[in-house]
1. If you take the residues of the stretch 62-80 that are in contact (Cβ under 8 Å) with a residue 40 or more places away in the chain and of a type outside the set (Lys, Arg), which of them is surrounded by the fewest Cβ atoms within 10 Å (Cβ to Cβ)?
2. Looking at the stretch 30-61 only, could you name the residues that are exposed (fewer than 15 other Cβ atoms within 10 Å of the Cβ), part of a helix (DSSP H, G or I) and under 11 Å from the mean Cα position of the chain (by Cα)?
3. Which of the residues belonging to the stretch 47-84 are of a type in the set (D, E, K, R) and more than 19 Å from Ser18 (Cβ to Cβ)?
4. What number of residues in the stretch 10-27 are part of a helix (DSSP H, G or I) and at pLDDT 95 or above?
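The values are calculated or read from the model by the stated rules, or taken from the named source; none is laboratory data. What you are looking at is a predicted structure, and each value in this text was computed from that prediction instead of being measured. No Cβ is skipped: glycine too gets one built from the backbone with ideal geometry, and neighbour counts run over all protein chains shown.
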Amino acid sequence: MQNTVRTIVNVTTTPDYSPEAVKLIMQRLQLNEKGLALIMGIAPMTVKLWIVGAVKPCGLSRRLLQIYLLCPEIIDKLAAGGDE
C-alpha cells in the first residue's frame with residue numbers, strides 16, 4: 001500500500017518550470033516559441049510569457065513539459081500523426 005501511495009504521489013506531482021527551464025526544453029527539442037506552442041496547443045504569447053517570467057506554466061502545461069523533457073521522441077510521433 002505504501003509503495004502504491006508513493007507511486008501515485010510521484011506521478012501526480014509535476015515540477016515547476018522556470019523561464020530558464022522552459023528555454024532549456026525548447027533548446028533540447030530544437031523548437032522556438034511558436035513550435036513549442038503548436039505542439040502544446042497553446043498561444044505563442046503564452047510561451048513568451050513563460051520565458052520572460054511574467055507567468056508560470058499551469059498544471060497541465062507542466063505535465064506536458066515534463067513529458068517532452070523525459071520522452072522527446074514523442075515529438076516525432078506527434079509529427080507523424082500520433083496514431084502509432
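1. Pro72
2. Those that are exposed (fewer than 15 other Cβ atoms within 10 Å of the Cβ), part of a helix (DSSP H, G or I) and under 11 Å from the mean Cα position of the chain (by Cα): Gly59, Leu60.
3. Glu73, Asp76, Lys77, Asp83, Glu84
4. Counting residues in the stretch 10-27 that are part of a helix (DSSP H, G or I) and at pLDDT 95 or above gives 9.
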